[in-house]
Each structure stands twice: as C-alpha cells, then as structure tokens.
Amino acid sequence: MNFYQSFEDIFPEVLGNITPKLAIFLNLIEPRCGGVLIIGKKGTGKSLMLNCFKKILKISNLPFVEIPIGVTEETLIGGINIEKTIEKGSRVFEEGILDRAKEGFVLIDDINLLPDEYLSLIFEKAENFNLVATLNPEEGVLSPHFLDRFGMCAVTEDLKDPSNKQKLLKLYENNYQFEDSFLEKYESAIRKIESLKVLKEKVRVEEFIWDKISETVLKEFVFSHRAEIFLFYASLAYAAFKGEFSLKENHVDEVSHLVLLHRKREIEKQKVSEEKQKEEKKEDKEDRQDLKPSGERKEHKKENFSQKEKDRSESSEESSQIEMSFPCSSKEEIFGVGEVFKVKRMIFEKDKTIRSTTGRRTKSKTRLKGGRFLRSVIFSKDKDIDLFGTIRSAAPFQVLRGRKNKLIIYKEDFRYKEKERKISHVVSFVVDGSGSMGVQKRMEAVKGAILSLLMDCYQKRDKVSMIMFRKNQAEVVLPPTSSSDLAYKKLKDLPTGGKTPLSLGLLEAYKLIKKSHLKHPDTRIILIVLSDGKANQAIKSGEDPILEVKRICSEIGKLSYVDSVVIDCELKNNFLKMDLAKELAKWLSGKYFLLEDLKAENLVSLIDQIKTEHLESLERF
C-alpha cells in the first residue's frame, strides 16, 4: 500500500487532500503536535474535513467542543448559572466551553471571523486541548502571533483532474449507499491510530535528531521555539505512522512543511539574499582591482584618497543640497495609472471612544442600537439595558429579598449592553509629486497603488482626501469626499516634477486633519503618505528640511485619532537609496510598507507553490 492509498480510509468523503489528512492523523497519534490550521479557498473541503474529524472523535469517545462564530465571552470561559443561583440564593458558577474540552479537541470553522479578544482567551487555555480550525485567506488572515500558536498548518487542494471531479459527483450521488462502508473505514482508521500510539512509545530518538530539527527550523528563518517543539513531536508521530522504530532525518524533512509553512519569514530570506548579492558585487570589484597592474592600483588608491577628502569637505553642504544626491526629473510630466491590485489588509488598534458612525473597516464601541454585544457594564450613556446581565446580577439576592414568584430587581442591579460595530474612516492621501518620483516612471506604480487604495476605501465606506506636494507648494487637490469617481479623475491628472517640499505637504495634511476632526469628532482618520522621504525644500528658508519634517511629524503623532501609514516609493535597487521613508514612519509612530509589499498577502499563491513541492516529496513514499 503506497502513501496515498493509506489515506483513503481517513475521511473517505474527502477526495485527495493528503496534507491536511496527514496533519490531523498525526495529531490523533500524538496530541502534543499542537493542533492544525486548515487553510484553503472556498469550496475545497475545509468544513467537510472538520465534520469528518468530528465523526472520528465521536466514534473514539474523545472529548471535543465546537466554538460557533457568534460565541460570547461568558460561554467561552464560564459564568453564573442563573437558575441554580436563584434557587440557592448564592452565586453558582458553571464552566465554559473551553473547560469541557480538557485533554481533547476544540473545533472552529472560519477562525479568522472570531474577534481577537476571543482568540486570546482561547489560546490562553490552549495547553489543555488541541485546536483544529479552518481559515479562508480570501476573507482575512490571522496575526503572526496567533498563527504561531498552531502546531501545524495544512492546505486544501482544488480538484483539477476531470476524473476526480466525476468520482466526487458519483460519491455524493450514492451517499446513502456508502454510509455503512464509510463507518467501517472510520472504525478501521481508529484501530490504526490506537496501534500507532503504542508504536510511538517505542520509537528511539538519536542525538543527531536535535541538530537536524534546529537546522531545519533556522534554514527557513523561523525563530519561534514552538516550531522546534512541534516539529519534534510531529516527526515522532510520523515515524510511528511509517512503522519505524527509530526517528530519522527524512522523517523530519517530510513533516517540516506542516510545522513551518505558517511561520516562514520570506522578508528575512530576501534581506539575506540582498546582502549576499552586495557581497558578491564587492568581491567581483575587488577581484577586478587585483587584476590591474601595480602602477594602476597605486594611482587608483591615490584617486580614492583624494575623493574621500573631497567628500568630507562637502559633507556639511549635503543637508541643504540633498536634491543633488539622487536622480530628479525637473521636467513636468503626467504619468498614467499603473497596475491595480488587491490591497493588503491594514489592521488598526481599537480605541476606547464610543461612536455613532458605521462603516466596514475598524471595530469600535458604538452607542447605536445595532452592533455585536461585547459585555454587560454597570454604567452606560445610551442606557440600553442588558436583560440577561440584569437578571444575573440580581439572582444571588432573591432569597434575601424574600422572593416568592416574581424576580425582585433593584435599580443597582441594572446592567447595560456594551456593543461594537465597524466604522468608516477619513483617509487622507499625501502624495509626493516631485521629480524623483518620475525616475523610471515610478509615479505610474504610485498612481496604481493609490487607485488600489481608493477602491479599498470605497468598499470600506471611507471618505478620501488627497494632498499633493511638489516644487515649492502643497495643494489639497481633493477635499474629503465619498466619490471614488472624482478621486480617480483627480488622480490620473496629477503632474510630476520639481523639488520635494515634504514638510509643506505634512503641514497641509495636519491642517486638514484638524479641520475634519472639528467637524466630525467621532471620526478616525488614516494618514497615508506616499513618498521616498527625500525632503529637499523647507517651508522657511535656511531651515533644514529633514528637521522640519521631523518636527511636524511629532505634532501629527500626538493626535490620538490619527493612524499613520508611510508607503516607501524609493527604488531599492538603486545605489543611492537612503531609506528616509522608514525614518518618516518612525517619526509619525505609524506603519511602514514598501510600495511593492502593499499588495494583499496572497497566501493562496504562496500555498500553491509550496503545496506542489510537498506533494512531490510525499509521492516518493
């Protein structure tokens, strides 16, 4: 029996999907594998696989609970049992869903739809159970902190082969006929799991395995210690699954993708490759220099020395003449709009302000009647009574109050609803229209990014405004509006050329932000600066433009209702790169993105690439 055929008995209703099946199977053999996150596009069998796993747990009599998307905090962690509390006259607590899953499994479908506060509560108690969840990356992703808590991550696959599609249709056409055979296969799988649990205890672990695990984790630029722990237990379970009595290096290799897929740091890899390229270029230059005749080398050294002296003498003038240090197009041009893409999801922290606005971007406490219930509170301005919370607070005192039939509720028992709902923002774009943005038609890509952001704002019901700075001025080209068409018309006609009065652009943004806040105090504002950060024109003559920018940034950073984002438009393959936009983000206390990294985290494409490699490696066994 080959590797693929051995999985036919596991979840017979699900065709293919070897990797997710293996991940779940290993967690059943060794519960210390840390649970599984099943990722995939809609309609690829994620929820079905979760239901099949539930059948195995039921037949095995293993404890498990399901957490619905509409769960409340009290249901999760427990609270007062009202009936028993009223009956006894003292508080009687009952356990929550998570307590009932001790040494078992917690199942969550579409985990990304749960609020972060509830995810924190779940992961706080995760050492008592294994979490098996599904996620559709098209509907949102989890933060790296939450992803790291999962032992494994597996990806569901599309059925692209026509014969497999036909097989699936026939399977569901005769679903009732196959029900008995499905049950037999489940029972067979459970018997196999029990035998493998016994075998797992006999697997030997040699000393070299620890080095192998550490090397594998570091090679993928994963720095979480959880990765090493989960990789060890996954390898141990896999060795038992293969019927081996000793843990080998190939066992570690064959399950490493399950443990490291969601922990990989592509950015770190990119940095290392860039550093290697720089070193190689430097070595090539040195090698070419060594090949020159000795007379030429001496002459070259003299030239280098005189050049260094010249550089030192001119260093004092650089701050006032930065524009001479990098390419700049003085000619005025109007560039077209570049590629449009789906924008990376930007998450902003929730604040404590209670608002009356609605939208689709950030969650906020609301005083409107609608919204998701968060918790009961003693004081509330909108006086929306939480009936259940009020009864719960009055329940322990019914015996003391002499209750006979009706509940006796006093004013101090009243509890009110604290709710939240999504709100819209005012998004203010501050666009660099200086000559440096015209180099290699960089402005085309910038306009494409802005249009992509405008589309995202339209979907989230945000208002947008646009400020452009160039030459010696900054202009509000678009006051706050909900019209995406008007924004597009203004965007495509934006010219490029001249100096970079960044401080003037930020000052104009500061004024516009203050004005918007006075009109709508409840509204949160997002400031998006698209620039390379190379300020070379000050507001006051004789001032250092960089220090001026820093001063205005500190004023904007003090505004609690403003979230800042800096998108670095600098060409990073240029030897004159200065990374000033990164400093700008620090001064604004905001988020920093490279223009190229603004695209949505296309986890699906990354997954497809890695999945192909892993299926090829699994096919060998």
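The values are calculated or read from the model by the stated rules, or taken from the named source; none is laboratory data. Keep in mind that what you see is a predicted model, and the values were worked out from it rather than measured. A quick note on method: Cβ atoms are made from the backbone with ideal geometry, for glycine too, and the neighbour counts reach across all protein chains shown.
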Report summary line: Here the qualifying pairs (Cβ atoms under 9 Å; residues six or more apart or on different chains; first in region 490-511 and surrounded by fewer than 21 Cβ atoms within 10 Å (Cβ to Cβ); second acidic (D, E) and assigned to a loop (DSSP other than H, G, I, E, B)) come out as P495/E332; G497/E332
Query raised in the report: List the pairs whose first member sits in region 105-118 and is under 14 Å from E139 (Cβ atoms) and free of Cβ contacts under 8 Å to residues at least 40 places away in the same chain, whose second member is crowded, with 19+ Cβ neighbours inside 10 Å and of a type in the set (V, I, T), and whose Cβ atoms are under 8 Å apart, counting only residues at least 6 apart or on separate chains?
Result: N112/V141
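Among the candidates G96, G140, G104, which residue alone is touching a helix residue (DSSP H, G or I) at 6+ places or on another chain (Cβ under 6 Å) and surrounded by 14 or more Cβ atoms within 10 Å (Cβ to Cβ)? Spell out the reasoning first.
Details: G140 fails: surrounded by 14 or more Cβ atoms within 10 Å (Cβ to Cβ); G104 fails: touching a helix residue (DSSP H, G or I) at 6+ places or on another chain (Cβ under 6 Å).
From the options G96, G140, G104, the qualifying one is G96.
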Query raised in the report: Conditions: (1) surrounded by 22 or more Cβ atoms within 10 Å (Cβ to Cβ); (2) assigned to a loop (DSSP other than H, G, I, E, B). G43 meets all but one. Number of the miss?
Result: (1)
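One line per residue, one yes/no per condition, for (1) outside the structural domain of E444 (by TED's automatic domain parsing); (2) in a helix (DSSP H, G or I); (3) over 32 Å from the mean Cα position of the chain (by Cα):
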site: G498; (1), (2), (3): no, no, yes
site: G505; (1), (2), (3): no, yes, no
site: A509; (1), (2), (3): no, yes, no
site: L512; (1), (2), (3): no, yes, no
site: L518; (1), (2), (3): no, yes, yes
site: L527; (1), (2), (3): no, no, no
site: G533; (1), (2), (3): no, no, no
site: I539; (1), (2), (3): no, no, yes
site: E548; (1), (2), (3): no, yes, yes
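I need the full set of residues from region 85-112 which are of a type in the set (G, A, S) and over 21 Å from K46 (Cα atoms), in order please.
Correct list: G89, S90, G96, A101.
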Report task. May I ask you to verify whether L530 is modelled with pLDDT of 90 or more and surrounded by 23 or more Cβ atoms within 10 Å (Cβ to Cβ)? Result -> yes
Query raised in the report: Of the residues that make up region 41-51, is at least one within 26 Å of G243 (Cβ to Cβ) and either at pLDDT below 90 or in contact with a Cys (Cβ under 6 Å, 6 or more places away or on another chain) (or both)?
Result: yes
Report task. State the number of residues belonging to region 430-475 that are among the β-branched types (V, I, T) and assigned to a strand (DSSP E or B). Result -> 4
Query raised in the report: With T362, T366 as the choices, which residue is touching a residue at least 60 places away in the same chain (Cβ under 8 Å) and either more than 30 Å from P501 (Cα to Cα) or among the small types (G, A, S) (or both)?
Result: T362
Requested in this report: Would you check if V476 is in contact with a strand residue (DSSP E or B) (Cβ under 8 Å, 6 or more places away or on another chain), closer than 16 Å to C569 by Cβ and assigned by TED's automatic domain parsing to the domain that holds W587?
Outcome: no
**Report entry** Residue that is over 29 Å from the mean Cα position of the chain (by Cα), assigned by TED's automatic domain parsing to the domain that holds L48 and not hydroxyl-bearing (S, T, Y), where the choices are E117, E83, E66, E127
**Finding:** E83
Report task. Using the structure shown, decide if D522 is assigned to a loop (DSSP other than H, G, I, E, B) and either at pLDDT 90 or above or within 32 Å of the chain's Cα centre (by Cα) (or both). Result -> yes
Requested in this report: For K519, state whether it is basic (K, R) and either within 22 Å of V343 (Cα to Cα) or in contact with a strand residue (DSSP E or B) (Cβ under 8 Å, 6 or more places away or on another chain) (or both).
Outcome: no
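Can you tell me which residue is surrounded by the fewest Cβ atoms within 10 Å (Cβ to Cβ) among those in region 208-231 that are of a type in the set (A, V, I, L, M, F, W, C), assigned to a helix (DSSP H, G or I) and within 26 Å of the chain's Cα centre (by Cα)?
First pass over region 208-231, keeping only residues of a type in the set (A, V, I, L, M, F, W, C): 208-210, 213, 217-218, 221-223, 227, 229-231.
If we keep only those that are assigned to a helix (DSSP H, G or I) too, we end up with 208-210, 213, 217-218, 227, 229-231.
Next, only the ones that are within 26 Å of the chain's Cα centre (by Cα) stay: 217-218, 227, 229-231.
Working: V217: 23, L218: 12, A227: 25, I229: 16, F230: 25, L231: 26.
Applying the filter and picking the extreme gives L218.
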Report summary line: The number of residues in region 572-602 that are surrounded by fewer than 16 Cβ atoms within 10 Å (Cβ to Cβ) and not in a strand (DSSP E or B) is 15
Query raised in the report: Take the residues of region 191-207 that are under 15 Å from L236 (Cβ atoms) and part of a helix (DSSP H, G or I): which is modelled with the lowest pLDDT?
Result: I193
Query raised in the report: What pairs come up if the first residue lies in region 400-426 and is on the phi > 0 side of the Ramachandran plot, the second is part of a loop (DSSP other than H, G, I, E, B), and their beta carbons are under 9 Å apart, counting only those six or more places apart or on different chains?
Result: G402/I408
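Looking at region 378-397, is at least one residue under 30 Å from L502 (Cα atoms) and outside any strand (DSSP E or B)?
To start, the set of residues in region 378-397 that are under 30 Å from L502 (Cα atoms) comprises none.
The answer is no, given that none of the residues of region 378-397 is under 30 Å from L502 (Cα atoms) and outside any strand (DSSP E or B).
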Report summary line: Of K441, K417, the only residue that is within 30 Å of F335 (Cβ to Cβ) and either in the same structural domain as G79 (by TED's automatic domain parsing) or within 32 Å of the chain's Cα centre (by Cα) (or both) is K441
Query raised in the report: Which condition breaks for E83 when tested against (1) crowded, with 21+ Cβ neighbours inside 10 Å; (2) over 26 Å from Y238 (Cβ atoms)?
Result: (1)
